[in-house]
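A short reminder: the numbers here are calculations on the coordinates, not readings from a lab. Since the model is a prediction, treat every value here as computed from it, not as a measurement. Neighbour counts are summed over all protein chains in view; Cβ atoms, including those assigned to glycine, are modelled from backbone coordinates with ideal geometry.
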Amino acid sequence: MQQLIYFIRKFRYFLLFILLEVIAFIFIIQHHSFHKSKFINSANAITGGVYNTVSSVNNFLHLKTENKQLIEENTLLKNLLYKRDLELNKDNFTLNDSSKYGQKYEFSYGKIINNNYTNRDNILTLNKGKNQGVTSDLGVINSKGIIGVTKNTSNNYTTVLSILNTKSMINVRLKNSNHFGTLVWNGKDYNVLQLIDIPRQAQIKIGDTIITGGKSAIFPEGIKIGAVRNFKFENNQYKNIDILLFNDMSAISYVQIIKNLERVEQLNIESNTLNE
């Protein structure tokens with residue numbers, strides 16, 4: 001208290017000057033409309049900037065929660081879409097319940113917690129495991145394309161063979177035709193994969209979209225993967241077909257896990273046919 005009194009006594013003339021300046025400023029604002037409007041506009045600009053900054057910080061802090069809510073909603077919608085059959089009539093769309101035929105694919109969600117995308121043989125880690133119904137050989141995707149295939153599972157974690165792995169081989173096809181091929185990676189650019197085994201009869205153009213082929217028992221048909229970046233056609237065959245991914249494999253977080261409910265049945269009949 002004594003220090004405060006000493007401070008006021010020492011700087012009393014300066015403090016009096018500041019007080020008089022504030023009083024004069026208030027009188028000017030109150031009695032001159034021009035100065036008043038300028039003051040209000042400046043105050044609004046300052047408070048608006050503060051509110052905008054606070055809002056941006058709040059949005060950033062809540063981004064994780066909002067992303068989780070979005071992936072939950074997308075997963076629910078995918079399950080609903082695969083439970084129903086969309087038919088196009090001449091005049092309108094109608095939804096017919098196809099549950100009597102059985103749902104083929106079931107979707108759940110998880111989060112990638114480890115991603116070494118620069119490695120030639122990248123293995124991802126997923127924060128879901130056996131306790132959450134995850135098994136091996138399930139497809140993993142996000143909203144922009146495929147991520148990989150589940151491999152080993154523990155109670156609460158799963159490793160995923162990334163498409164950025166030299167051992168990865170994904171059945172794909174050209175969206176504008178029924179020509180199939182295999183998607184592989186040469187281990188160089190994590191944005192670019194390679195398309196092999198495309199027949200020479202296929203008509204390929206730069207920018208053609210590549211989608212999942214549906215021949216495997218892992219991924220549904222029609223999931224977008226990327227677009228043809230460049231290729232060579234020599235000696236009557238395609239060479240060096242590069243596919244630019246739609247996905248940014250360096251920035252993947254929440255993903256969806258696809259379970260083919262008819263996988264065992266499909267593999268069994270294919271195996272029995274080959275053994276006949």
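Can you compute 3J(HN,Hα) from phi for each residue in the stretch 259-273, using the Karplus curve 6.51 cos²θ - 1.76 cosθ + 1.60 with θ = phi - 60°, rounded to whole Hz and x for Gly and Pro?
10, 7, 6, 10, 4, 4, 4, 5, 5, 5, 5, 5, 5, 5, 5
Suppose R0 equals 35 Å. What FRET efficiency, 1/(1 + (r/R0)^6) with r the Cβ-Cβ distance, do LYS104 and ARG229 give to the nearest 0.05? If you can, show how the numbers build up before the last one.
Working: r = 32 Å, r/R0 = 0.92.
The computed FRET efficiency comes out at 0.60.
Calculate one ³J(HN,Hα) per residue across the stretch 151-161 by plugging θ = phi - 60° into the Karplus curve 6.51 cos²θ - 1.76 cosθ + 1.60, and present them in order as whole Hz with x for glycine and proline.
Each residue's phi maps through the Karplus curve to give 10, 9, 10, 10, 4, 10, 9, 9, 8, 10, 6 Hz.
Using packing as a proxy for protection, rank 214-226, 233-245 so that the peptide with the highest average count of other Cβ atoms within 10 Å comes first. Could you put the intermediate results ahead of the total?
On the way: 214-226: 18.1, 233-245: 14.7.
In descending order of packing, they fall as 214-226, 233-245.
Local charge sum around GLU262 (other residues, Cβ-Cβ under 11 Å, Lys/Arg +1, Asp/Glu -1)?
On the way: positive: LYS104, LYS259, ARG263; negative: GLU106, GLU265.
That works out to +1.
Hey, can you grab everything whose amide H is under 5 Å from the amide H of GLY133? Only 5+ residues off in sequence or another chain; H modelled, so Pro and N-termini drop out.
So GLY133 has HN proximity to no qualifying residue.
What distance in nm lies between label points placed 7 Å from Cα along the C-beta direction at ASN275 and LYS205?
With each label point 7 Å from Cα toward Cβ, the separation is 4.8 nm.
Search the structure for amide H atoms under 5 Å from the amide H of ASP208, placed 1.01 Å from N in the peptide plane, and list their residues when 5 or more places away or on another chain.
Placed amide hydrogens put VAL228 under 5 Å from ASP208.
Using amide H atoms built 1.01 Å from N in the peptide plane, name the residues 5+ places from ASN122, or on other chains, whose amide H lies under 5 Å from its own.
HN-HN under 5 Å from ASN122: ASN165, THR166.
When the Debye formula is applied to the Cα atoms of the stretch 107-152, each taken as the same point scatterer, what base-10 log of I(q)/I(0) results at q = 0.29, 0.34 Å⁻¹?
Rounded to two decimals, the profile gives -1.33, -1.52.
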